[in-house]
């Protein structure tokens, strides 16, 4: 399984690229905001399924915290089986989990328990002592959050056991076998950074990452259906859509049971359309972090060009860059306006190979346009 962060650049593409969510920091929502016109969400989901090899599509749109549209198309299982998936169903959010992990780490910075320039070898001396991370004395917390540590990914040619409970240390050992792709300070997408951030959070809080995410984010925001699985065989609770991916023979196999211990704070979160909208609204409107710390997430690291936000068509709402995640079998995204007023949360379960998954971003963009670009 490959975890990759998906981003929306100018609300026009959904690609596996940077952690950066937006070129603009979170703001406070206007009290005199204009009404937002939203198209037919049900029709948008039906169109997504009709593009081919999409097993099921669910989506919801929220404006100022209120649901203004929802839709569900396709089926829970392949070939029209299993019935429809309600738009309220849980789904994997993939690398959207990274924003949550980063937010908790930055809350620790705000509280003075952690510093952005703290060295990894100082915060987690064991990773240097056991040679689990090369050049740990040069890598900072900021590098981890912004994916500029140069630490290799643990995902690679070595297959991961779907039933084994991997520890974070196990994943670091796998990463250590791979060659460093870039120097410290250069951007490189690697999930290992967020495994390390999870370890830091656990050490400083004295709680599991799952418990700390719940204590700091999910419970305060009323995200009662959102959680981080912690066991290899722990999956999605309740009725939900199943995704599929080809095996070595090209036969589509159910990819629903992903090993949760290989994802953790890098991409293991499970949520719903409503609750992802709640999270993004809170983040965008500055209720989770002060702007100075939120910029560590939203602003590009040094040397990387900012991703422009913008609307899918001329006029409002202006959507921020970022907000997606994917793996074989699914793609999910929470597209949000820069001011936090509007969210379009969507989850697609797929039956396609990696090459075809590259076409999914454009399909989601078309759905976004159908909702916010009225035909004149």
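Just a few scattered comments:
- Inter-part distance where segment 172-205 and segment 235-270 are each reduced to a Cα centre, Å: 23 Å
- Over the residues of the chain, the helix contribution to mean residue ellipticity at 222 nm works out to -8000 deg cm²/dmol, using -39500 (n - 2.57) for each DSSP H run of at least 4.
- Kirkwood Rh and Cα Rg combined as Rg/Rh, segment 49-162: 1.14
- For the peptides 130-141, 82-93, residues were scored by their other Cβ atoms within 10 Å and the scores averaged per peptide; the highest-first order is 82-93, 130-141.
- Segment 36-185, relative contact order in percent, only Cα pairs under 8 angstrom and at least six apart counted: 13 percent
- Tensor-based shape of segment 189-303 (alpha-carbon gyration tensor, a/c under 1.5 rounded, otherwise prolate or oblate): prolate
- Ellipsoid semi-axes for segment 4-372, based on the Cα gyration tensor and the rule √(5λ), read 31, 25, 18 Å when sorted largest first.
- Per principal axis, descending, Cα span of segment 39-116 in whole Å: 52, 29, 20
- For segment 261-300, convex hull volume per residue from C-alpha positions, Å³: 88 Å³
- Fewest-first ranking of 119, 66, 110, using other Cβ atoms within 10 Å as the exposure measure: 66, 110, 119
- Distance distribution P(r), segment 234-294, all Cα-Cα pairs, bin width 10 angstrom from 0: 17, 32, 30, 15, 6, 0 percent.
- As a length-normalised measure over Cα pairs under 8 Å and 6 or more apart, the relative contact order of segment 73-162 settles at 16 percent.
- For residue 79 and residue 165, a Förster radius of 56 Å and the Cβ-Cβ distance give a FRET efficiency of 0.95, rounded to the nearest 0.05.
- Fraction of C-alpha pairs exceeding 20 angstrom in segment 237-376: 57 percent, rounded to a whole number.
- The packing ranking, built from the mean of other Cβ atoms within 10 Å per residue, places the peptides 290-303, 45-58 in the order 45-58, 290-303, highest first.
- Cβ-to-Cβ counts within 10 Å put 242, 225 in ascending order as 225, 242, the fewest first.
- Length-normalised contact order for segment 4-372 - Cα pairs under 8 Å, 6+ apart - percent: 32 percent
- In this label model, residue 46 and residue 179 are separated by 5.3 nm, measuring between points 7 Å along each Cα→Cβ vector.
- Over segment 157-226, the Kirkwood radius and the radius of gyration, each from Cα atoms, give a ratio Rg/Rh of 1.05.
- Length gained on full extension, residue 366 to residue 67, computed as 0.36 nm times the residue gap minus the Cα-Cα distance: 105.6 nm.
- Cα gyration tensor shape of segment 103-236, rounded if a/c is under 1.5, else prolate or oblate by comparing a/b with b/c: oblate
- Of the residues 106, 204, the one with the fewest other Cβ atoms within 10 Å heads the list, and the complete ranking is 204, 106.
Any read-out appearing in this document is the output of simple, stated calculations on the displayed coordinates, not a laboratory observation. Computed from a prediction, not measured in an experiment: that's the story for all the values here. No Cβ is skipped: glycine too gets one built from the backbone with ideal geometry, and neighbour counts run over all protein chains shown.
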